[in-house]
1. So, by mean Cβ neighbours within 10 angstrom, what's the order for 184-191, 11-18 with the highest one leading?
2. Return the carbon/sulfur percentage of the accessible area of the chain, one whole number, probe 1.4 Å, all protein chains in place.
3. Taking every Cα atom in the chain, find the radius of gyration and the maximum pairwise distance Dmax, and write them in Å.
4. Name the helices (complete DSSP H segments) of the chain with a Cα length along the long axis of 15 Å or more and a Kyte-Doolittle mean of at least 0.0, or state none.
5. In whole Hz and in residue order, list the ³J(HN,Hα) couplings for the stretch 282-297 that follow from phi through the Karplus curve 6.51 cos²θ - 1.76 cosθ + 1.60, θ = phi - 60°; x for Gly and Pro.
6. If you put +1 on each Lys and Arg Cβ and -1 on each Asp and Glu Cβ, how big is the dipole of the stretch 5-156 around its Cα centre, in Debye rounded to 20?
7. With θ set to phi - 60°, apply the Karplus curve 6.51 cos²θ - 1.76 cosθ + 1.60 along the stretch 4-11 and write out the HN-Hα couplings as whole Hz, x wherever there is a Gly or Pro.
8. List the residues, sorted by chain then number, that are 5 or more residues from Ala156 or on another chain and whose placed amide H is less than 5 Å from its amide H.
Amino acid sequence: MKKPMRVAVTGAAGQIGYSLLFRIASGEMLGKDQPVILQLLEIPDEKAQKALKGVMMEVDDCAFPLLAGMSAHSDANTAFKDVDVALLVGARPRGPGMERKDLLEANGAIFTVQGRALDAGASRNVKVLVVGNPANTNAYIAMKSAPSLDKSCFTAMLRLDHNRALSQLATKLGKPVASIEKMIVWGNHSPTMYPDIRFATVEGKPAKPMLNDDAWYKDTYIPTVGKRGAAIIEARGLSSAASAANAAIDHVRDWVLGSNGKWVTMGIASDGSYGIPQDVMYGFPCTTANGKFEMVKGLEIDDFSRERMNKTLAELEEERAGVAHLLK
Ligand code: NAI
């Protein structure tokens, strides 16, 4: 029997948490032979803690053979103690009348505290995935608040956008999703993201000539992928939850177990490649193996792509400037 891995999930009593915990405990994220210990963080609020207890009762009732332990926390320091994986899902949603600046401020307060707690107590190889929005900037804040951890411990979730991009293209081409490779979504998890199909292949052949419809690509596909989150809210009355949890599972599973040479989009700290300034948490194409990710480098960037990549970068730079005072 393998040694259990400790997995922290924040916002564990929320919508995404409810779609996530059961799949982690069943082995879908870390492997069917990997025991897990869940360390669940919620805000100290009595209602949230009670709801968390309820979710834990349900997890118990599944009698998952791989679940080696589970605990509830209201303090990030205890929740993140010795964790191997941390899924930072809980975040402050935008309330009525709240400006973007207020949102950044409120989340800055959460992610500085959580970054410090990871710095103090998590495994030195912890894999952190930030899902809570604004995900890229929250991941940046957590990374900057954890100076003793390697920057590569921190990632932001672009995988939902990547999966949306795959699914929309597959439907348009009438091909199976699994036949598409080398998809990229550059930039911020926001409507400015840039789903780039220039390198994508379908059954090993270039996707762009097969699509042969640049107007659809630019005027329909890119905005549909970018605004999919809003379309889900409009239709469901609630934001994406099961698909977000699914993307989080995909992201961590590939990071831990490897992507077998396939490109996946991860929000990672830039090393300066592709003209993206160092440390900006930006969606890049990556491959993963042996518990590490590697950026796919050397791709040609044409004028259209440069413009789109700069637009989403400008938004991230603005967010970064908005939280700079919290990181002094
Ligand atoms: P939710 O509101 O149902 O649940 C969030 C939970 O987090 C609540 O139970 C809340 O009490 C908890 N929470 C808030 N602050 C916390 C803190 N400091 N520590 C621990 N727990 C805390 O929200 P939902 O639907 O589960 O979404 C969670 C986040 O994920 C939101 O920020 C949402 O915008 C984001 N999201 C990101 C996506 C992505 O692709 N990156 C996709 C979909 C959602």
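The values are calculated or read from the model by the stated rules, or taken from the named source; none is laboratory data. None of the values given here were measured: they were computed from a predicted structure. Glycine gets a Cβ as well: all are built from the backbone with ideal geometry, and neighbour counts include every protein chain shown. We work out accessible area using only protein heavy atoms, side chains counted, and drop any ligands, DNA or RNA first. Shrake-Rupley method; radii C 1.70, N 1.55, O 1.52, S 1.80 Å.
1. On the way: 184-191: 25.2, 11-18: 22.8.
Averaged packing, sorted descending, gives the order 184-191, 11-18.
2. Carbon-and-sulfur percentage of accessible area, whole number: 52.
3. 19.1, 56
4. In the chain, the long hydrophobic H runs are 15-25, 242-257.
5. 9, x, 10, x, 9, 10, 10, 7, 6, x, 10, 9, 9, 5, 6, 10
6. So the magnitude is around 360 debye.
7. x, 9, 8, 10, 8, 10, 9, x
8. Excluding prolines and chain starts, which carry no amide H, the hits are Val130, Gly267, Ile268.
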